[in-house]
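Each reported figure results from applying straightforward, stated rules to the coordinates on display, with no laboratory input. Given the structure is predicted, the values throughout are model-derived calculations rather than measurements. We place every Cβ from the backbone using ideal geometry, glycine too, and count neighbours over all the protein chains shown.
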Amino acid sequence: MVPSLFVGVVLVVLAAATVGGQWLRRRESPAIDRRAVDSFNARVQAWWFFTVVIVLAFLWPGLTVLLFAMISFWALREFVTLTPTRIGDHRALFWVFFFFTPMQFVLVYFNNYGLYSILIPVFAFLFIAARAAVYGDYDRFLERIAKVQCGLLICVYCFSYAPALLYLRTAEQPERRDPANMLFFFITIVLSSDLLQWAWSGIYNRHIIAEKINPVMSWEGVLAGSASAAALGWMLNWAAPFPNWWQTVAMSLLIAVMAACGSMTMSAIKRDRGELTSGNFVEGHGGVLSRIDSICFAAPVFYHVTRYFFGA
Amino acid sequence: MLTETLLTLIARVISGASVRWVESQPDTCQRVYFANHTSHLDVILVWSALPTPVRRLTRPVAAKDYWSRGWLRRHLAKTFNAILIDRMEIKVHQSPVDLMLREIGRTHSVIMFPEGGRSAGDVTGEFKSGLYYLAKKRPDLELVPVYINNMNRILPRGEYLPVPLLSSVTFGPPIWLESNEPKTDFLARARDAVLRLKEC
């Protein structure tokens, strides 16, 4: 009962956002910043997508894990494409794409926490370095392996904690009648805080955090956006998987702050590669990566904090 | 037919290619698509990047020694409707250019890699003279430059397992051989036309 009402509320909000965005897009007015409208619509679209994916999880969690795995694979592709690698990394990359990435999600599906929490930070981490060393190319060695390791950690390891929420049991509801509730709550807060921080940054932009990295995000925007996300969490408390309202608010705040960190970090990575400014590489690439950056940062922190304080 | 659909799909998935036409449009008129060459997948990539009606009329030029070895490669070459060129034995009365012209007749277009072989890494080698003689004998053919980006990282020379990064195929505006244009000038101009697409 509770999750279907929750889904209903989110769908209504999304529908309103979509109608608003499309209305703005159609309007011919010099007062409207076209790029801002497009950016808004892209965020709403991503949100729709994730909502549909998670609604599927209420019916069949395995399908959701599969879809998250595919998004992760695509994001890793974008990440490595943006990163210069050499032929010496080729074999290591092959294993990264065709063994570690699928394996991580298989382990998540079987809820093997003991293995999936260390597969990439321990085994893949060491394997990538050793495999590249065996090839025998030492040119910029540390830099190269660090990039592959970083891509795998962010796009696969961190991101895989989002579907892992499907299998997280809390003391509150050890029998997990609504397995997708936690994930749905998490995604709703992450994506709405992403949108809210961006919107507030557009309104209050006196203190930009780092102009060179992201010319939009401001301290006021992040603070106001995080506060709004926490308020949203409070309003959704009846659907949240936490026993007390202040815990829900604290968790929403945590998610919002991590989401902001994720967006900033990914902007920095893309700036470094010149993707945002020149964009001459391949149009539209980096698209998946910029949509999931906030999830990548918020998911593992949210998972572990929840597991520590509320775990069964 | 089935192989064609399957190949196009596999090529698109492995290479994640986005196809762009810069100042040019797909057309079924007779054309020579010439591209930089860094990986075995280049042929399949360019071929599958063309829209189906154009693809049906387009024949890649491929090395006979590579593509006639084994059942699978022969079958693939047949699917592409490839023109196989013997690069080991080039006879005077049977020059590759004459063979190509005879094979394409008045209907087919052709995909070729004027570097001759695959270049290592990101460099594009000097163009061999085949393109020039082709243009000289058939001045009516449109010469369309094609730039393939990032394939050297997806399947580098000497590797046999691809890594699924993202690549792009860019088709540029056609060029023609100017009257009395010297061979070296023309080949340099053609090479520049390909490399210029890197920047757009």
- [ ] With label points built 7 Å along Cα→Cβ from the Cα atoms of A:Phe141 and A:Tyr204, find their separation and express it in nm.
- [x] 5.1 nm
- [ ] Quickly estimate the mean residue ellipticity at 222 nm for the protein assembly as shown, helices only: each DSSP H run with n ≥ 4 gives -39500 (n - 2.57), and the total goes over all residues, rounded to 500.
- [x] -18000 deg cm²/dmol
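For segment A:1-76, would you read off the P(r) tail past 22 Å as a percentage of all alpha carbon pairs? Write out the running numbers ahead of the final one.
Values: 1144 of 2850 pairs.
Every Cα pair in segment A:1-76 considered, those over 22 Å come to 40 percent.
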Task: Cβ charges +1 (Lys, Arg) and -1 (Asp, Glu), total dipole of the protein assembly as shown, debye - done: 900 debye
Open item on the list: Show me the three semi-axes of the equivalent ellipsoid for segment A:43-95, from the C-alpha gyration tensor (sqrt of 5 times each eigenvalue), largest first, rounded to whole Å.
Closed with: 30, 14, 4
- [ ] Output ³J(HN,Hα) for segment A:68-78: one whole-Hz value per residue in order, computed from phi by the Karplus curve 6.51 cos²θ - 1.76 cosθ + 1.60 with θ = phi - 60°, and x for Gly and Pro.
- [x] 5, 4, 5, 4, 4, 4, 5, 5, 5, 4, 5
- [ ] Using θ = phi - 60° and the Karplus relation 6.51 cos²θ - 1.76 cosθ + 1.60, list the HN-Hα couplings for segment B:45-60 in order, rounded to whole Hz, with x at every Gly or Pro.
- [x] 5, 5, 4, 7, 6, 7, x, 3, x, 6, 4, 4, 9, 10, 10, x
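So for segment B:58-179, Kirkwood radius off the Cα pairs, Stokes-Einstein at 37 °C and 0.692 mPa s: how many µm² s⁻¹? Could the numbers behind the result be given before it?
Numbers: Rh = 16.1 Å.
Reported coefficient: 204 µm²/s.
Could you calculate the contour length gain from A:Ala133 to A:Cys150, that is, 0.36 nm times the residue separation minus the distance between their Cα atoms, to one decimal place in nm? The partial results should precede the final answer.
On the way: separation 17, 0.36 × 17 = 6.12 nm, distance 1.73 nm.
In short, 4.4 nm is gained.
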TODO: Using label points projected 7 Å from each Cα along Cα→Cβ, tell me how many nm separate B:Arg102 and A:Phe110, to one decimal.
DONE: 6.1 nm
Task: Whole-Å distance, taken between Cα centres, linking segment A:201-228 and segment A:90-154 - done: 34 Å
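Once you keep just the Cα pairs under 8 angstrom separated by 6 or more residues, what percentage relative contact order results for segment A:62-310? Mind showing how you got there, number by number?
On the way: 317 pairs, mean separation 55.2, N = 249.
Across segment A:62-310, relative contact order equals 22 percent.
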Open item on the list: Taking θ = phi - 60°, what integer Hz values does the Karplus form 6.51 cos²θ - 1.76 cosθ + 1.60 yield along segment A:47-55, in sequence order, with x for Gly and Pro?
Closed with: 5, 3, 4, 5, 4, 4, 4, 7, 4
- [ ] Please give the net charge around A:Asp33, taking every other residue with its beta carbon less than 14 angstrom from that of A:Asp33, where Lys and Arg add +1 and Asp and Glu add -1.
- [x] +2
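Once R0 is set to 41 Å, what does the formula 1/(1 + (r/R0)^6) return for the Cβ-Cβ distance between A:Ile87 and A:Ala36, expressed as a FRET efficiency to the nearest 0.05? Walk me through the numbers before you get to the answer.
Values: r = 42 Å, r/R0 = 1.02.
After rounding to 0.05, the efficiency reads 0.45.
Determine the gain in length on full extension of the stretch A:Val13-A:Arg25; use 0.36 nm per residue of separation and subtract their C-alpha separation, reporting nm with one decimal.
Values: separation 12, 0.36 × 12 = 4.32 nm, distance 1.83 nm.
Fully extending the segment from A:Val13 to A:Arg25 adds 2.5 nm.
Just need the relative contact order of segment A:177-256 here, percent rounded to a whole number, with Cα pairs under 8 Å and 6+ apart.
32 percent
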Task: Eligible aspartates and glutamates near B:Lys136 by straight Cα distance, threshold 15 Å, same-chain separation 8 or greater - done: B:Asp98, B:Glu178, B:Glu181, B:Asp185
Task: Within segment A:62-310: Cβ-based charge dipole about Cα centre, in debye rounded to nearest 20 (Lys, Arg +1; Asp, Glu -1) - done: 300 debye
- [ ] Report, by chain and number, residues whose modeled amide H sits under 5 Å from the one on B:Phe34, excluding near sequence neighbours (fewer than 5 apart, same chain).
- [x] B:Met112, B:Val144, B:Val146
TODO: Grab the alpha carbons of segment A:62-310, take their convex hull, and tell me the volume per residue in Å³.
DONE: 124 Å³
Task: Amide hydrogen neighbours beyond the local backbone of B:Arg87, cut-off 5 Å, H modeled - done: B:Lys64, B:Asp65
Task: Amide N proximity, segment B:162-182 versus A:Phe98 label position 7 Å along Cα-to-Cβ, cut-off under 15 Å - done: B:162-165
- [ ] Would you list, by chain and number, the lysines whose Cα falls below 26 Å from the Cα of B:Lys78, excluding same-chain residues fewer than 8 positions away?
- [x] B:Lys64, B:Lys91, B:Lys128
Open item on the list: Under the 0.36 nm per residue contour assumption, what length would be gained going from the current alpha-carbon distance of B:Leu7 and B:Val123 to full extension?
Closed with: 39.0 nm
TODO: Treating each Cα of the protein assembly as shown as an identical point scatterer and ignoring solvent, apply the Debye formula and state log10 I(q)/I(0) at q = 0.07, 0.10 Å⁻¹.
DONE: -0.48, -0.88
- [ ] With label points built 7 Å along Cα→Cβ from the Cα atoms of A:Arg273 and B:Leu72, find their separation and express it in nm.
- [x] 3.0 nm
